[in-house]
Amino acid sequence: MPAPQNDARRAALVKGASRAKIKALVNLGGCTGCEVCIAVCPVPNCIENFGDDPSNWGVYVNYDICIGCMLCAKDCPWDTIRMVPTASVASHQTSLDSQPNHEHVVFSQPELVPEDIRGFMAKPPFQDPAAAPLFQKQNPQVPNIMGPK
Ligand code: SF4
Ligand code: SF4
């Protein structure tokens, strides 16, 4: 069930976000937009989608408030979330900054996300050696992913 939209609860959870040693990285190349991750994430609005249009399916994680609990990564039916060292995404605001390529529609239509997080448009594809190997065990059923097929 989605976490209740409670400001006090959210504030308490977000306090732990700055101490989290890992963050959830959604690989948009494998994301189907099923939103199971949104349903299980305990931090309200930590994971957001791009709207209801199937051509825009996908989600992103707000690194400022991700507490690294791993629930999304454990429950993603498409095995497309990896927990990565916080240091590897230190300059990144959301998981959109951390994509291995820029093939998703959001990179040509940044208006799909709030204006204040569109910094991902200026960043090169994410190729941090500390994070890339984590995707090499990704579900082989999911096409267009970072790791080997
Ligand atoms: S659970 Fe996985 S496939 Fe579904 S929206 Fe989240 S990241 Fe995408
Ligand atoms: S690890 Fe996943 S479920 Fe946990 S706070 Fe971060 S985005 Fe939400």
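So for the chain, averaging the separation of alpha carbon pairs under 8 Å that are six or more residues apart and normalising by length, what relative contact order in percent results?
26 percent
Before anything else, pin down the relative contact order of segment 1-77: Cα pairs under 8 Å, at least 6 apart, normalised by residue count, whole percent.
Across segment 1-77, relative contact order equals 42 percent.
Compute the projected area of the convex hull of the Cα atoms of segment 33-88, averaged over all viewing directions, and report it in nm² to one decimal place.
Here the figure is 4.0 nm², rounded to one decimal.
Is it possible to state the helix-based mean residue ellipticity at 222 nm for the chain, with each DSSP H run of 4+ residues giving -39500 (n - 2.57), the sum divided by total residues, to the nearest 500 deg cm²/dmol? What is it?
Theoretical 222 nm ellipticity from helices: -3000 deg cm²/dmol.
Want the number for Arg9 to Ser108: 0.36 nm per residue separation, take away the alpha-carbon distance, what's left?
32.1 nm
What is the sum of charges around Val14, taking Lys and Arg as +1, Asp and Glu as -1, for the other residues whose C-beta is under 12 Å from the C-beta of Val14?
Charge balance near Val14 sits at +2.
Please work out the Cα convex hull volume for the chain and give it in Å³ per residue. Don't skip to the answer; put the middle values down first.
Numbers: hull volume 15.8 nm³, N = 149.
Output value, Cα hull per residue: 106 Å³.
Who wins for biggest fluctuation among Gln93, Gln127, Gln109 in a Gaussian network model of the chain, springs between alpha carbons below 10 Å?
Looking only at Gln93, Gln127, Gln109, the largest GNM fluctuation is found for Gln109.
Cysteines without a disulfide-compatible partner in the chain, using Cβ under 4.7 Å as the rule?
Cys31, Cys34, Cys41, Cys46, Cys66, Cys69, Cys76
Run the count for the chain, please: Lys pairs, Cα-Cα under 20 angstrom, 8 or more apart or on different chains. Write out the running numbers ahead of the final one.
Numbers: Lys15/Lys23; Lys21/Lys74; Lys23/Lys74; Lys23/Lys123; Lys23/Lys137; Lys74/Lys137; Lys137/Lys149.
Step by step, the pairs that qualify in the chain add up to 7.
Between Lys21 and Asp53, what is the label-to-label distance in nm when each label sits 7 Å out along the Cα-to-Cβ direction?
Those two pseudo-labels are separated by 4.2 nm.
Run the dipole for segment 1-142 about the Cα centre, Lys and Arg Cβ at +1, Asp and Glu Cβ at -1, nothing else charged, and hand back the magnitude in debye, nearest 20. Mind showing how you got there, number by number?
On the way: 11 positive and 14 negative charges, 147 e Å.
Magnitude of the dipole: close to 700 debye.
No lab work stands behind these numbers, since they all come straight from the coordinates. Because the structure is predicted, anything quoted here is derived from the model rather than measured. Counting neighbours? That spans all protein chains shown, and the Cβs are built from the backbone with ideal geometry, glycine included.
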